[in-house]
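Accompanying notes for the structure given below.
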Amino acid sequence: MIKLNDIQHFYFIGIGGIGMSALARYFRAQGLDVSGYDKTGTQLTRELEAEGIQINYQDEIEQIPPAFLRKPEQSLVVYTPAIPKDHQQFQFLKERKFPIVKRAELLGLLSSEKFTMAVAGTHGKTTTTAILGHLLKETGAPVTAFLGGVSEDIQSNLIMKGDEVIVVEADEFDRSFLHLKPNLAAITSMDADHLDIYGEKAELEKSFREFAAKVPEDGKLYVKNGLPLKGYRIGVEDESEFSAQNVRIQNGEYLFDLHTPTGTLENLQFNLPGKHNLLNAITALAMAIDYGSPTVDLGRALHSFKGVRRRFSYRIKTGEQVLIDDYAHHPTEIAAVHQAVREMYPNKKVLAVFQPHLFSRTRDFAEEFAQSLSVFDEVMLMDIYPAREIPIEGISSAWLLEKIENEKKQLVSKEELASSIKKSSAEVVMMIGAGDIGEEVEKVQKALLNEA
């Protein structure tokens, strides 16, 4: 059994991952020695390095810091399931009997003796977790929150305001969330995804039911209205236990009344667009209320939430031009951002620039991707981002493009991306995807502003 109090040195394999980096930041903030490996440098790894975390980018044994190797009994290897099986550093450390845990196991160890609030779901969990962490922080709770995205409020994926309550994003990939023991838990969605892991939707849903069963009898489970689970229902203008009523848009913001089992909070203001984000906010509010956050302060806290990096993030917002960056990588998520952009810009031409993520996901949801992308005024597809996969014969962006029913569609390379977007007549540009398209956004922004 690993005792975290004995560990002085942490080595994260895949440290640039959003969940991994939050844990790395946490232990670094405790004054412990933290280092790691990642395949490529990103904005996030550069931020970690600026915080004093040593990172190497070659999978070579010589790159592992000597301080980590010196005392195996005081060292811990943390890895993400996304790393390849033949990873040299991982195999070397495994053969030498270093203690090794998955990221999710480490989260489970951290949260096992704390009051834990966990948010799960194939979509919505990152934003909901970020809103919940923000609400608790702003209303004075002693909270540590591990986020699956970078909060625009603090420019980090880690909130540290105490250690009595822990907020975690519960990831269904590789059944990771089954390591958690939440006191309060939410499930925002259960759409088919990660079929490379689960095989079929029924297995994915079974995993979510197992997660729901981990909530103790004196705990609470919150579920989006319509999901086949028993819990407090979350909805918009329906009969759910927690629901937004009297919803309207004013100055680009949502105004609504929150109906709860114990009363109504009136005239709440929320900055993020889209019904999906409104559901995320209601879920976070429900959990904060039941945790015991003072309701008199929740309205102010919600209104001050600025969002999550790459979740409908405005990079340009003028009367003539809008550039939005979003992490959407599943057909349901693309449909949600389309609903949001149409709600905010009902009379403007919208261009979607999409980078498919994973060959298997593109194959499994090709028809749904085509349907969700066809409704934009114009579509540009980048090459598929492979992440952990090798190519699948016959599966490509060109293959997907043929399925999209839109006269204004084209393939674009990274090299042509900025110039192609500049040639478009669209007034609103959405850059969508979970791969490295996020690294291209700044270049596009500069080009559109004629700063390149």
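Quick one: grab the alpha carbon gyration tensor of region 67-202, order the square roots of its eigenvalues as a ≥ b ≥ c, and give me rounded if a/c is under 1.5, else prolate or oblate depending on whether a/b is larger than b/c.
Oblate.
Suppose we look only past 13 Å in the calculated P(r) of region 141-192. What percent of the Cα-Cα pairs does that tail hold?
The proportion of pairs with Cα distances above 13 Å equals 66 percent.
Could you please put 25, 388 in sequence from largest to smallest accessible area, using a 1.4 Å probe?
Highest to lowest solvent-accessible surface, that is 388, 25.
According to the square roots a ≥ b ≥ c of the eigenvalues of the Cα gyration tensor, what is the shape class of region 369-452, taking rounded for a/c under 1.5, prolate for a/b larger than b/c otherwise, and oblate for the remainder?
Oblate, since a/c reaches 1.5 and b/c is not below a/b.
Can you tell me the length gained on complete extension of the stretch residue 97 to residue 390, counting 0.36 nm per residue apart and subtracting the Cα distance?
Net length gain for the segment: 102.5 nm.
Can you sort 1, 382 by solvent-accessible area, 1.4 Å probe, largest first?
1, 382
How long are the three semi-axes of the equivalent ellipsoid of region 235-386, in whole Å, if each is the root of 5 times an eigenvalue of the C-alpha gyration tensor, listed from largest down?
Working from the Cα gyration tensor, I get semi-axes of 32, 18, 14 Å.
Per Stokes-Einstein, at 37 °C and 0.692 mPa s, what whole-number D in µm² s⁻¹ belongs to region 212-291, with the Kirkwood radius over Cα pairs as the hydrodynamic radius?
Diffusion coefficient, whole number: 252 µm²/s.
I need the calculated FRET efficiency for the pair residue 443 and residue 225, taking r as the beta carbon distance and R₀ as 30 Å, to the nearest 0.05.
0.15
Please compute, for the alpha-carbon atoms of region 1-108, the extent along each of the three principal axes and give them in descending order in Å.
Between the extreme Cα coordinates on each principal axis of region 1-108 lie 34, 31, 26 Å.
Between residue 5 and residue 343, what is the label-to-label distance in nm when each label sits 7 Å out along the Cα-to-Cβ direction?
About 4.8 nm separates the two model spin labels.
Considering only protein heavy atoms and a probe of 1.4 Å, how much of the accessible area of the chain is carbon and sulfur, as a whole percent?
Of the solvent-accessible surface of the chain, carbon and sulfur hold 46 percent.
Pop a pseudo-label 7 angstrom from the Cα along the beta-carbon direction at both residue 407 and residue 209 and give the gap in nm to one decimal.
4.9
Just subtract the alpha-carbon distance of residue 46 and residue 251 from 0.36 nm times their residue separation and send over the number in nm, one decimal.
Between residue 46 and residue 251, full extension yields 70.2 nm more.
Given a cut-off of 16 Å, what percent of all Cα-Cα pairs of region 289-349 lie beyond it?
Tail of the P(r) past 16 Å holds 60 percent of the pairs.
If packing is taken as the average number of other Cβ atoms within 10 Å across a peptide's residues, how do 337-344, 158-165 rank, most packed first?
Result, highest mean Cβ count within 10 Å first: 337-344, 158-165.
Where does the chain land on Rg/Rh, using Cα atoms and the Kirkwood Rh?
Reported Rg/Rh, Kirkwood definition of Rh: 0.96.
How about region 83-133: which GluC sites (Glu not before Pro) there are in a DSSP loop, with at most 12 other Cβ atoms within 10 Å of their Cβ?
Qualifying residues, ordered by number: 113.
Which of the residue pairs 3/181; 403/446; 317/348; 306/414; 306/349; 125/403 have a Cα-Cα distance greater than 20 Å in the structure shown?
Long pairs (Cα-Cα over 20 Å): 403/446; 306/414; 306/349; 125/403.
Treat each spin label as a single point 7 Å out from the Cα along the C-beta direction, and report the residue 314 to residue 423 distance in nm.
Label at residue 314, label at residue 423, 3.0 nm between them.
When the Cα centres of region 109-150 and region 16-83 are compared, how far apart do they sit, in Å?
Computed from Cα coordinates, the inter-centre distance equals 22 Å.
Applying 1/(1 + (r/R0)^6) with R0 = 56 Å to the Cβ-Cβ distance of residue 303 and residue 73, what FRET efficiency is obtained, to the nearest 0.05?
Between residue 303 and residue 73 the formula returns 0.70.
Can you give the FRET efficiency for residue 377 and residue 436, using 1/(1 + (r/R0)^6), R0 = 22 Å, r = Cβ-Cβ distance, to the nearest 0.05?
With R0 = 22 Å, the Cβ-Cβ based efficiency is 0.30.
Using helices alone, what [θ] at 222 nm do you get for the chain, with -39,500 (n - 2.57) per DSSP H run of 4 or more residues, divided over all residues and rounded to the nearest 500?
Mean residue ellipticity at 222 nm (helix-derived): -10000 deg cm²/dmol.
The values are calculated or read from the model by the stated rules, or taken from the named source; none is laboratory data. Treat the numbers as computed from the prediction; the structure is a model and nothing was measured. In this analysis, Cβ positions are derived from the backbone assuming ideal geometry, glycine residues included, and neighbour counts consider all displayed protein chains. Heads up: the accessible areas ignore ligands, DNA and RNA and are worked out on the full protein's heavy atoms, side chains in. Shrake-Rupley method; radii C 1.70, N 1.55, O 1.52, S 1.80 Å.
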